[in-house]
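Asker: The structure under discussion is supplied below as structure tokens; questions concerning it will follow.
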Amino acid sequence: MTATTAPLTRTPARAARRPSARLRAWATRAPLLPALVFLIAVTQLPFVATLVISFFDWNALYPKARRFTGLDNYRQVLTDADLRHSVWTTVLLTAAVVLASLVLGLVLALLLDRRFRGRGIVRTLLIAPFLVVPVAAALLWKHVLYNPEYGLLNGLSHYVGGPQPDWVSRTPLLAVEASLVWQWTPFMMLILLAGLQSRDQQQIEAARVDGAGDWQIFVHLTLPHLRRYLELGALLGSIYIVQNFDAVFTITSGGLGTANLPYTVYQSFYQAHENGLASAAGVLVVIGSLVIATFALRVVSSLFREEVSRA
Amino acid sequence: MRALRRHGPGLLAWLAGIVFFLPIAWMALTSFHSETDAATNPPSFTAALTLDGYREFFGSGGGASPWPALANSAVASVASTLLVLLLALPAAYALSIRPVRKWTDVLFFFLSTKMLPAVAGLLPLYLFARNAGLLDNIWLLVVLYTSMNLPIAVWMMQSFLAEVPVAVIEAARVDGARLPVVLTRVVAPIALPGIAATALICFIFSWNELLFARVLTGVVAETAPVFLTGFITSQGLFLAKVCAASLVISLPVLAAGFAAQDKLVQGLSLGAVK
């Protein structure tokens with residue numbers, strides 16, 4: 001786009017008429033302003049407020065005792081064993097879910113990339129988990145699948161004489177992760193399928209003529225081509241899963257060591273009314289997200305540059 | 001061996017499809033069972049079908065009616081989607097068709113706000129809402145959902161609008177058309193499928209949202225996902241009802257998602273995958 005449109009503005013004739021050029025520049029920016037102003041007001045201002053509150057010792061139940069404590073909240077958050085645990089849980093949950101759903105999604109995309117009877121139906125069946133409202137999906141796993149007395153998992157296990165464990169209390173984090181992998185695999189599959197279908201078929205034919213096997217084509221042609229799609233899936237998945245609240249809140253209510261940072265922030269101000277601590281934890285979530293985000297933006301911008309150079 | 005090679009992947013795909021869909025199919029079946037049949041071990045596949053779960057859910061069984069929550073979700077999702085389109089369309093237009101200096105920076109600023117976690121502003125928003133008397137007000141959610149979806153919408157629409165040929169727009173402008181006319185008569189028809197996909201995704205995200213709704217609403221403005229959280233601790237006494245509730249509340253998203261599978265991918269990957 002830039003390449004085609006930039007010359008239009010930089011014609012000498014327009015630059016010469018200065019006041020009108022300035023007016024023109026404003027007219028060009030004007031359509032952007034409502035969205036920008038709105039976004040800054042609704043997302044950036046509250047974050048600044050969170051930052052300010054994070055420096056105060058402020059329990060909502062004792063508002064008169066509010067006072068400035070500098071970095072004390074951060075010290076407390078970072079030294080509190082529970083909170084440190086929730087940092088670790090967030091990392092573990094995000095990494096496990098993203099990796100597992102990416103690998104599963106890749107396998108499913110490779111299967112769906114082939115022609116077979118009923119491919120459209122299978123694709124629709126596979127997408128469905130992603131389209132269930134997250135709270136509903138979490139309820140489904142908690143009550144309908146995991147329940148030790150009448151859940152489907154133990155019900156099926158009963159037929160083969162298998163064990164009847166209480167999944168949520170025995171492997172709580174894994175239980176949350178499994179439900180999220182089920183929800184996110186279709187998303188990864190869809191992105192990777194789009195990647196597979198954009199491969200250069202002639203190149204693959206040529207490799208085949210040269211005697212390359214399926215595995216060689218996969219390793220040397222398909223995987224390199226899929227790299228940017230894998231990165232995109234991993235990054236978008238991370239952004240959403242690092243912020244996950246619904247599954248943790250619904251399946252374990254943050255108990256049994258499954259409280260991640262978003263849940264901890266929610267709990268520390270909603271239940272413990274510790275505004276300062278909650279804000280400090282919130283700022284830490286932001287810092288964590290920024291690390292992912294910088295990386296994410298770099299990948300997205302490289303995708304973007306490719307698109308521009310193609311245009 | 002040859003047959004396996006030929007049909008193996010297809011069969012495997014069918015198996016995977018069935019495994020992934022099984023929980024939803026089971027949820028649907030359970031929703032049509034009576035509560036006693038729903039809560040048996042081993043599970044019953046042949047129990048009599050009944051609409052009791054749905055009757056219970058819709059409130060004739062004495063529980064709270066879900067209609068206000070469903071209506072709130074509809075209002076929040078539809079209104080915020082419209083507001084997003086109203087704000088994002090001109091912005092995307094400026095970013096993709098009319099040149100703006102440093103426009104990629106602006107685009108990245110939009111995207112970066114999406115990476116600011118919701119919890120980052122939750123407390124100030126709660127305090128603001130409480131002091132301004134906006135707690136438990138559905139219109140506060142409309143504003144927040146708009147800000148939640150706006151960055152993605154600007155990105156998606158920017159990539160869709162970039163497909164509109166500049167020459168066509170220039171021609172319209174030379175003929176003396178002003179911005180609103182250019183937008184509605186020239187740009188919108190070409191970019192309509194993309195705009196529809198954007199709207200769909202905004203609708204789905206708003207419909208699904210739980211954290212803001214949970215913290216900022218109570219009785220009056222409760223949304224469907226918040227209503228569902230009422231089932232978190234029900235200990236199996238209402239399994240059919242839980243399944244019916246989950247299905248009914250997921251239905252708009254399932255329907256919209258099935259109808260626009262391809263657009264969904266393109267939109268969710270911010271237009272990067274085409």
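Asker: Residue B:149 fails exactly one of the following numbered conditions: (1) open to solvent by 10 Å² or more (accessible area, probe 1.4 Å); (2) of a type outside the set (D, E, K, R); (3) closer than 20 Å to residue B:267 by Cα. What is the number of that condition?
Answerer: Just one mismatch for residue B:149, condition (1).
Asker: Could you name every one of the helices (runs of 4 or more DSSP H) located completely within region B:163-274 that has at least 2 residues being under 17 Å from the mean Cα position of the chain (by Cα)?
Answerer: Counting at least 2 such residues, we get B:188-208, B:211-216, B:224-229, B:239-259, B:261-268.
Asker: Going by the structure shown, is residue A:48 surrounded by fewer than 18 Cβ atoms within 10 Å (Cβ to Cβ), part of a helix (DSSP H, G or I) and within 12 Å of another protein chain (Cβ to nearest Cβ)?
Answerer: Against the criterion (surrounded by fewer than 18 Cβ atoms within 10 Å (Cβ to Cβ), part of a helix (DSSP H, G or I) and within 12 Å of another protein chain (Cβ to nearest Cβ)), residue A:48 qualifies.
Asker: Which condition does residue B:38 not pass, out of (1) crowded, with 20+ Cβ neighbours inside 10 Å; (2) under 28 Å from the mean Cα position of the chain (by Cα); (3) aliphatic (A, V, I, L, M), if it passes all the others?
Answerer: (2)
Asker: Out of A:139, A:110, A:104, A:153, which single residue is touching a Leu at 6+ places or on another chain (Cβ under 6 Å) and not basic (Lys, Arg)?
Answerer: Answer to the selection: A:153.
Here is a yes/no grid of residues against (1) buried (at least 19 other Cβ atoms within 10 Å of the Cβ); (2) hydroxyl-bearing (Ser, Thr, Tyr):
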| residue | (1), (2) |
| --- | --- |
| B:145 | yes, yes |
| B:153 | yes, no |
| B:172 | no, no |
| B:177 | no, no |
| B:182 | yes, no |
| B:189 | no, no |
| B:195 | yes, no |
| B:202 | yes, no |
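Asker: Check A:8, A:99, A:83 and return the single one that is at pLDDT below 85 and open to solvent by 60 Å² or more (accessible area, probe 1.4 Å).
Answerer: Only one candidate qualifies: A:8.
Matching residues to (1) at the interface with another protein chain (Cβ under 7 Å from one of its Cβ atoms); (2) surrounded by fewer than 20 Cβ atoms within 10 Å (Cβ to Cβ); (3) in contact (Cβ under 8 Å) with a residue 60 or more places away in the chain; (4) out of contact with any Cys (no Cβ under 8 Å at 6 or more places or on another chain):
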| position | (1), (2), (3), (4) |
| --- | --- |
| B:75 | no, yes, yes, yes |
| B:81 | no, no, yes, no |
| B:97 | no, no, yes, yes |
| B:135 | no, yes, yes, yes |
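Asker: Looking at A:135, A:181, A:168, can you tell me which residue is crowded, with 19+ Cβ neighbours inside 10 Å, touching a helix residue (DSSP H, G or I) at 6+ places or on another chain (Cβ under 9 Å) and at the interface with chain B (Cβ under 8 Å from one of its Cβ atoms)?
Answerer: After applying the criteria, what remains is A:135.
Asker: Tell me the residue from A:231, A:306 that is more than 30 Å from residue B:246 (Cα to Cα), of a type outside the set (Gly, Ala, Ser) and at pLDDT 85 or above, please.
Answerer: A:231
The values are calculated or read from the model by the stated rules, or taken from the named source; none is laboratory data. Every value quoted in this text rests on a predicted model; they were computed, and no experiment measured them. Neighbour counts are summed over all protein chains in view; Cβ atoms, including those assigned to glycine, are modelled from backbone coordinates with ideal geometry. Surface accessibility is based on the protein's heavy atoms, side chains included, excluding ligands, DNA and RNA. Shrake-Rupley method; radii C 1.70, N 1.55, O 1.52, S 1.80 Å.
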